[in-house]
Structure formats: C-alpha cells, structure tokens
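Here is the structure we will look at, set down as structure tokens.
The values are calculated or read from the model by the stated rules, or taken from the named source; none is laboratory data. This one's a predicted model, so the numbers in the text were calculated from it and none came from an experiment. Here the Cβ positions follow ideal geometry from the backbone for every residue, glycine too, while neighbour counts run over all protein chains shown. Ligands, DNA and RNA are excluded from the accessible area calculation, which covers all protein heavy atoms including side chains. Shrake-Rupley method; radii C 1.70, N 1.55, O 1.52, S 1.80 Å.
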Amino acid sequence: MPDESSPLIDSMDPNHDDAAMFPTLTPSQISRFAAIGIIRKVTPLEVLVEAGERTSRFFVVISGIIQIIQAADGTEKIVATFQPGMFTGEATMLSGRRGLAQIRAAEAGEVIEIERERLLTLVQADSELSDILIRAFILRRIQLVAQGVSDVVLVGSTNCAGTLRIKEFLTRNGHPYSFVDLDRDTHVQDLLDRFRVDLKDVPVVICRGRTVLRNPSNEAIADCLGFNEAIDQSHLRDLIIVGAGPSGLAAAVYGASEGLDVLVVESDSPGGQAGSSSKIENYLGFPTGISGQELAARAYNQAQKFGAQLIIAKGATKLTCDHKPYILQIDDGTILPARTIIIATGAEYRKLALENLTQFEGAGVYYGATFIEAQLCKGEEVIVVGGGNSAGQAAVFLAQTTRRVHLLVRSDGLSQTMSRYLIRRLEQSPSIEIRTQSEIVALDGDSHLESVRWRNVQTSSEETHNVRHVFMMTGAVPTTRWLDGCVVQDSNGFIKTGSDLTPDELVAAKWPLARLPHLLETSLPGVFAVGDVRGGSLKRVASAVGEGSIAVAFVHKVLHE
Ligand SMILES: Cc1cc2nc3c(=O)[nH]c(=O)nc-3n(C[C@H](O)[C@H](O)[C@H](O)COP(=O)(O)OP(=O)(O)OC[C@H]3O[C@@H](n4cnc5c(N)ncnc54)[C@H](O)[C@@H]3O)c2cc1C
C-alpha cells in the first residue's frame, strides 16, 4: 500500500505534465552538460547505477534508451524510460542519498555521465538548467511516492505512538514508504513470520528489503537509509546551523546561496514547529495558506539546491565555548568544527503536568495537528488545549473532519492571545465549542486514551467526557539545555543577543572583542541565535525566517574580521 502523504505531493502545481517531469533538452542545453561530463557508450542491459547505491552520477541520454527499473518479489517493473535528450535523477540527486531503483540501459547507445558534485555546481550557476532539473527531480519523487516505489516498509498500528512517530519522520523527510496496518491487514502475519518478528516488536521497519528494525529510533532509521552518508563531517565549515526549523532553513538558503560552506544539524526532521502546523495563513506570498510540511519541504529542497548539507536525526549535544574554531558535538559523538555557528533550535512543546501524560502521547495525545493526526480522529470528538494561534488553527482545521472540537482555554477569553481572524473562524464554526477558564485534570484509558476530565478553574466543577483525542497546543519553552550555559540566557532560558546583552553580562561572559555584539550575535563572538530560541523573538514563521537571513549578513562580517 503506497503512502501518498508526502508533503512534496502538495508542493507542486497539480496540473504538471509529463513534459515537466521528463523534459527533452535542447541541443544547446545538452552541450552545457557535455562540457562538464564525459561522453561514453553503454551496452544493452548495462547497469549504470544499482538500486540502493549512493547517488553520485547523473546521465543525459544522447542515443539509445535508459530505463529506471524497480525489482520487487522477483519481478521487475519499468518505472521510467528516457529517450535521447532526456536525463536521469530525482530528489536524491540533491541530497546524495541512496537511489530507490536501478538505472539500466535498454539498448546500446551513448550517454553523458556527470559526477553529482559537478552537476550541483552547474545547477547553482545556470538558472535555466537549475529550473528544469529541480522541477523534474521533485515531480519524479512525487511520482515515485505515488507509485509506491519505496525501500521502506513500515509495519504498525494506527493506535500506536511509535508508528505515528515513524510515519511523521519519513513523511517530513520526503521519503516514500509502504504501510502495513496490523489492525486491518490479515496477511501481515506471513510478513512478520518471514522476518521472524514478534507482535511485541512493532512498529517494525523493513529497511531496503534487508534490515529489520524493531521499534527503531528516528536516528536508527536515518542511519539505515543512509540519510547522512553523503555528508563529509570532518572538514572545517564556514557556518554550522543548529536546527532546521524555518529560521535554520532560511539561514541555510541565504548562507549557501551566498557562497558559504554550510552544514545544518537537525535532531529530528526539517520543519520544526512550523512543520506541525496544518495551515500557515499569515506567511507572505501564500494568500490561501500553506501547510507547515509543504513550506519546510520547499525550503529543504531550496537549501540543498544551493549546496547546503543537512544532517538529519542527530542533535547537537554540546558546544565548546572556549575553543576556536568552535566545536559542535552531536548525538553519536561526532565532532563538527565551524568558524561560525547559528543556533536555531527553537522551542519544544510545553507539557501539561498530568500524571500519565506520556502513556498517551501518540495514542490519543498529540502536539501537532497535521493531516496525519486528522486521519486518526475522523468523525470523532476531539479536544484542543490552548489559547494561542496554534490552538486556534488546530481547532479550525480539525473541525473540518471531526464531529466536535472542544477548545479548552485557561484564561477567560482569546482576544489577548489569538489573532482576530482566527477568533472569527472559531466563532463561525458550528462544531467548535470554546470552553474558557477550563483545564484538563485527568486522562484515562488503557492502550489508548478513552476519556478526559476537565475542571472549570473558577467554579471548580468537573466534567468527564469520552474523548479519545487531545491536541496540546500550550506553547513552548526554548531548546537550550544542550548549550549548558555556554551563552548568556534570560531567566526563561531564551538566548540573549545584540544590544539585549548588558555590559555586565558581557564582562561576566569574557567578551573578548573591542566591538559590541552584532545584531543577533550571542555573548560568544561569531555564535548567533535566531528564531524562537532567541529572547524577545516574535514567535512567528516570518520573523524566524527574517532573522535566519539577517544573521547570515553578520556571519560574513565575522568571517572577514
Ligand atoms: C502548531 C503550530 C502552528 C503554528 N502556526 C503558525 C502560523 O500560522 N504562523 C506563524 O507565523 N507561526 C506559527 N507558529 C509558530 C512558528 O511555527 C514558529 O515561530 C517557528 O517555527 C519558529 O521557527 P524556529 O526555526 O525558530 O524554531 P522551530 O520551528 O522550533 O525549529 C527548531 C528546530 O531545531 C531542532 N532542534 C532542537 N534542538 C536541537 C538540537 N540540540 N540539535 C539539532 N536540532 C535541534 C528541532 O527539532 C526543530 O526542527 C506555529 C507553531 C505551532 C507549534
């Protein structure tokens, strides 16, 4: 069963045609490729690239026919056919990850063979070819997802937190997967027996047809799929960005497009908090709104197009403050040296102090409201907790597919915390009930949340409802623990930058330079903080993106000091 939920599906014009996905190059365009590659002959059935091989070469067909072949269960399927003038490649050409299918010559002919690194350099310099290639690569990835061409099978249950986490991880990384639903698929036992898997091991990921991972971490999945293999982790970078939310991705796009050697380190998947938003309606240029995942997918491709590299599912664990160049340590102990650093680690969801909360996380309690969660509670009654814009958006979004949405707000109204346009939408929706001065006091259930008790904070009266889905949209706290006090933070843990740093704080932090910190610069020279993690930031996608791009201007200054 192919999963068609990749955010990339939405990210292109739905009226795209084959000409955009499989364009035929003009003689002048072919000659620009020929200038950076070698022309060589191919023989019938010659395998140019094996399925699962790291993507390192690109081919333009001069004569003959090249095909993309998917092999499954002993049979072969032709996924695409390239005639003279056409070229190979899809999204892995940008990331350098492993290819999903085999590339093979169907008959004798000639191709231009180009190293991936040289192709990426050409893409940055030649905007006409860049447009043709990037569009084709993304459309082809969408087609692969739709056709179920995938090297990952996820076996799990829709009522399981681990299954939800892995679905979100693969989706947010634009990686196609097939899903076998244990609750519905009667033949699944054969599959489990074949790989000697017990039911207690689920969710199970069968990775690249060979490796069986039992309830794996996101990091284990990323390692198995080789997400980070193509990245050189040892050389000294101009700039390392920690966090790939909107601010980090913006810094990556601007940094890489301005010629900096940029590496992004992301502990989970690209998109950050914005990636869990069903629809962002106040971001410039998207009058009908855009889902957070779609925005992140676009930004991720854009950053890679300009040559930024992203390490996925590995978080920064330490920054050595007293060492230049700076050294960043990540989850697996790898040490990454950098001349400058941008901290873009944003914020984490605040959790309600409920005794058994973790028991229901992913099994009735969710921190994001995207189409994945919406599918789990179709036609049911749900609760959204919170009085900010994220709660309002979630309520409006969920009201489209659920029977009733209870919006629980602790304060006595929404006007101080939510945008007017959202309040109007909530009020106009007949299936949304706004319950002010209310807070959840207990969750109950077994393997899945079954009921919720809430209290009116003024009258102390309590009521229990058989609601199986709660969306916690209760704000966030800065993700700064990993910094271990390396940079000056305010009393709430947000990072202080620029003129917010007092002379006393700079003295205490041993600020070594005659100049004062630049805008967005922390108490460590050349280390910047942007977006939600920064004290005084506006907690909006647009401001996070703006700060990420502004910081890059100051990175250039520091590199020239
Ligand atoms: C549900 C929801 C809806 C929202 N809707 C809107 C909206 O409509 N309009 C709007 O303007 N704003 C909206 N916001 C707010 C907006 O999403 C945030 O302001 C924005 O995402 C902040 O971007 P950021 O890059 O600073 O941080 P984040 O988005 O928090 O991203 C931080 C990234 O850093 C990563 N990270 C954390 N620690 C580490 C580490 N140690 N190492 C490596 N990586 C790490 C995280 O995994 C994450 O990907 C919404 C927020 C939510 C939660």
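Solvent-accessible area per residue for the chain at a 1.4 Å probe radius, Å²?
Averaged over the residues of the chain, the accessible area is 43 Å².
Name the residue from 368, 448, 520 whose Cα lies farthest towards the positive end of the charge dipole of the chain, charges +1 on Cβ of Lys and Arg and -1 on Cβ of Asp and Glu.
Final value for the positive-end residue is 520.
With +1 assigned to the C-beta of every Lys and Arg and -1 to the C-beta of every Asp and Glu, and no other charges, what is the dipole magnitude of the chain about the Cα centre in debye, to the nearest 20?
In total the dipole reaches around 660 debye.
So, taking all protein chains as they sit and a 1.4 Å probe, how much accessible area belongs to residue 165, in Å² rounded to tens?
Approximately 80 Å² for this residue.
Starting from the Cα of residue 484, step 7 Å along the direction of its Cβ; do the same at residue 412; then give the gap between the two resulting points in nm.
About 4.8 nm, to one decimal.
For the chain, with all protein chains present and a 1.4 Å probe, just round the carbon and sulfur fraction of the accessible area to a whole percent.
The computed percentage sits at 50.
As a test, work out the antiparallel percent of DSSP beta bridges whose residues both lie in segment 219-318, rounded to the nearest 5.
10
With respect to the cross-link table entries 167/279; 314/557; 167/496, which display a Cα-Cα separation exceeding 26 Å?
From 167/279; 314/557; 167/496, over 26 Å: 314/557; 167/496.
Using a simple charge model, +1 on the beta-carbon of Lys and Arg, -1 on the beta-carbon of Asp and Glu, nothing else, what dipole does segment 413-561 show about its Cα centre, in debye to the nearest 20?
The calculated dipole for segment 413-561 is roughly 460 debye.
Rank these residues by their accessible area, most exposed first, probe 1.4 Å: 390, 150.
Numbers: 390 60, 150 25 Å².
From most accessible down to least: 390, 150.
Within 11 Å, Cβ to Cβ, of residue 95, how many net charges do the neighbouring residues add up to if Lys/Arg are +1 and Asp/Glu are -1?
+4
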